[in-house]
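The values are calculated or read from the model by the stated rules, or taken from the named source; none is laboratory data. Quick caveat, the model's predicted, so the values are computed rather than measured. Cβ placement follows ideal geometry from the backbone for every residue including glycine, while neighbour counts extend to all protein chains displayed. The area values use the complete protein model at the heavy-atom level, side chains included, leaving out ligands, DNA and RNA. Shrake-Rupley method; radii C 1.70, N 1.55, O 1.52, S 1.80 Å.
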Amino acid sequence: MWNAYNGGDQWRNWTIDATNGNVRSLWYNGYKSINQCNSVLDALENNEIPGLDKSLRIRYQAEALFIRAHYYYHLVQQFNDIPMPLKPTESVETAAHKTNADEVWKQIISDLEFAIDNLPESYPVSEYGHITKYAAMHHLSRVLLTVKRSDDDLKKALDYVEQVINSGKYALVKSHAELWDINNKRNSEVIFPVLYTQNAELNGDGNTAHMYFCSAYSEEHPAVKRVIEYGRPWSRERSTDYALNLFDETIDKRWEDCFISRWNVTENSVKESIFSPFTKKMEEKVWTKGELAMIDPKRPWTKEQIKEVWPVLVFQPEYMREQIDPQKDVQSVDNPDAEWPSNTRFTNYKMYAYLVKHLDPLRPEVNWTPGSRDVFVFRLADTYLLAAEAAFLSGNSQKAAGYINVIRHRAAIPGHEAEMEIKPADVTIDFILDERARELMGEMHRWYDLKRTGKLYERMNNPEMSPATAGKFKEYHVLRPIPRDQLTNVSNPEEFTQNPGYGN
């Protein structure tokens, strides 16, 4: 779904090894958090805590078990057989022992079942963000769809998400524009959020996701500078052509609602001397604040379309450099009769249309990195799509299509709802994955979606989907390497070994 450009060479080239800092951070932060959960659980089970009644004690146990299950869910998916401590570690332990992944999944399921049985359906507004029974149901459904041990798992997975959908506690908001409006982050669609705050003293490093998808728009045009509205450019994650082509922008509003592809002048008045395709000479242009300055259209434009909006810069897809030589085929003083207008440009690893879901216009100034946008870990649209997946795998394509159409109706440009509808015969795992991509793009589900459906290796090596990874992604890459620090610090290295394919 994404091409990694600046930074992350090991990920871009699939040369990941046991020294990778991202993997190390995931491993150690996961186990630190699990140990905190175990400490809470141990205290609740073994200590008298003044003022804590039985119902609140059980609720806190359920919350801690949910969070522990959530971390184990990530760790077992990423590393397979892993240590599974269920009691707090309070002193140095040098021996580490792996638990079979099947046993880890059983523990995750058990923890989430306890959470479902003992968490409330909702909380007062003052306790927003606490984990509900329905968040645990959503999570357990996803777990059961991952392990798929039996038809009963599929039946339970569908039952859990249908309980969430039918609970009356949640509702889809009107549009993605409304959903990603940062002033509406506490909305009816959110099931499990991670909260941030604008209070800098309490926000730590904050939510920095606003930087990762934002392209370097401020480096392309003399009258377009960094502004809070367009984000802090960092150019780390650029959509693949495959991802962008999943949207039919003539009927699906998610393209317009979820991507910035037009930039206006941000400065009050900027003079620029530019070559005119009409007079075939240099002319002075005065750019004024608010007028359109740049466009990155979803599909390539013709030379006539580009000339029609001159002097607005129009960015053609990077692959068109093979068809259009910027030096020979684009007009300039030295090449006045070239075929393409002088405002023709090309996307590149730093400049492209980008996702708005993580932008944070509430930051106090443009280079401020600790964002305050909440993370929507689970939201109702995801629940509908999990229900579609469970129904389809259970043999009920009609029900699956119905759940998918709820999402597609919401996504439709008004008046195009019928065109967005699908029929039961249209439902396949590949279609479900495509719809999850359109709806949940950039929300950190994709790796698990592809892995759960058995499509990860296939798609990572499909040059039409992922030319950057095709041929580089090996079968052992479906797991991460255990960090070198972990391997070198254990006193039983013969027993505690590296995952296949990775050197120590």
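Table for the structure above
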{"quantity": "Taking N as its residue count, the alpha carbon Rg of segment 251-321 over 2.2 N^0.38 Å", "calculated": "1.26"}
{"quantity": "Diffusion coefficient, µm² s⁻¹, Stokes-Einstein with Kirkwood Rh over alpha-carbon pairs of the chain at 37 °C and 0.692 mPa s", "calculated": "130"}
{"quantity": "Unit Cα scatterers, Debye sum, segment 1-59: log10 I(q)/I(0) for q = 0.20, 0.25, 0.30 Å⁻¹", "calculated": "-0.82, -1.02, -1.14"}
{"quantity": "Rounded accessible area of residue 49 (nearest 10 Å², 1.4 Å probe)", "calculated": "60"}
{"quantity": "Fraction of accessible area attributable to carbon and sulfur, segment 273-412 (%, probe 1.4 Å)", "calculated": "50"}
{"quantity": "Relative contact order (percent, whole number), the chain, Cα cutoff 8 Å, 6+ residue spacing", "calculated": "19"}
{"quantity": "Semi-axis lengths (Å, descending) of the ellipsoid that matches the C-alpha gyration tensor of segment 45-139", "calculated": "27, 18, 10"}
{"quantity": "Sequence-separation-based contact order of segment 362-434, relative, with Cα cut under 8 Å and 6+ spacing, percent", "calculated": "26"}
{"quantity": "Of 399/474; 87/185; 271/350; 174/307; 155/423, pairs whose Cα-Cα distance is over 28 Å", "calculated": "399/474; 87/185; 174/307"}
{"quantity": "Per-residue SASA entry for residue 332, accessible area with 1.4 Å probe, Å² rounded to 10", "calculated": "40"}
{"quantity": "Heavy-atom accessible area order for 478, 190, largest first, 1.4 Å probe", "calculated": "478, 190"}
{"quantity": "Angle between the chain longest axis and helix 133-147 axis [Cα atoms, degrees, rounded to 10]", "calculated": "80"}
{"quantity": "Inverse mean reciprocal Cα-Cα distance (Kirkwood Rh) of segment 205-250, Å", "calculated": "12.3"}
{"quantity": "Cα centroid separation - segment 385-429 against segment 93-149, whole Å", "calculated": "27"}
{"quantity": "Pairs of Cα atoms farther than 19 Å apart, segment 154-209, %", "calculated": "49"}
{"quantity": "Stokes-Einstein D (µm²/s) once Rh is taken as the Kirkwood radius of segment 366-504 over alpha-carbon pairs, at 20 °C in 1.002 mPa s", "calculated": "118"}
{"quantity": "Residue-normalised accessible area of segment 405-504, expressed per residue, 1.4 Å probe, Å²", "calculated": "46"}
{"quantity": "Two-site FRET efficiency, residue 333 against residue 102, from Cβ-Cβ distance with R₀ of 56 Å, rounded to 0.05", "calculated": "0.20"}
{"quantity": "13 Å beta-carbon shell around residue 226, net charge (K/R +1, D/E -1)", "calculated": "-2"}
{"quantity": "Mean Cα-pair separation over length for segment 271-349, i.e. relative contact order, pairs under 8 Å, 6 or more apart, %", "calculated": "31"}
{"quantity": "Acute angle (nearest 10 degrees) that the helix 21-46 long axis makes with the longest principal axis of the chain, alpha-carbon atoms", "calculated": "40"}
{"quantity": "Convex hull of Cα atoms in segment 16-89, direction-averaged projection (nm²)", "calculated": "5.5"}
{"quantity": "Filtered GluC sites (Glu not before Pro), segment 91-167: DSSP coil and at most 10 other beta carbons within 10 Å", "calculated": "121"}
{"quantity": "Net charge of Cβ neighbours under 10 Å - reference residue 294; Lys, Arg +1; Asp, Glu -1", "calculated": "0"}
{"quantity": "Neighbour-limited loop hits for chymotrypsin sites (Phe, Trp or Tyr not before Pro), segment 203-281 (at most 11 other Cβ within 10 Å; DSSP other than H, G, I, E, B)", "calculated": "278"}
{"quantity": "Within segment 247-292, trypsin sites (Lys or Arg not before Pro) in DSSP loop having at most 14 other beta-carbon neighbours inside 10 Å", "calculated": "280, 281, 289"}
{"quantity": "Nearest-ten-degree value, helix 429-440 long axis tilted from longest Cα axis of the chain", "calculated": "70"}
{"quantity": "For segment 360-444, fraction of C-alpha pairs farther apart than 17 Å, in %", "calculated": "54"}
{"quantity": "Exposure ranking of 149, 345 by accessible area [1.4 Å probe, largest first]", "calculated": "149, 345"}
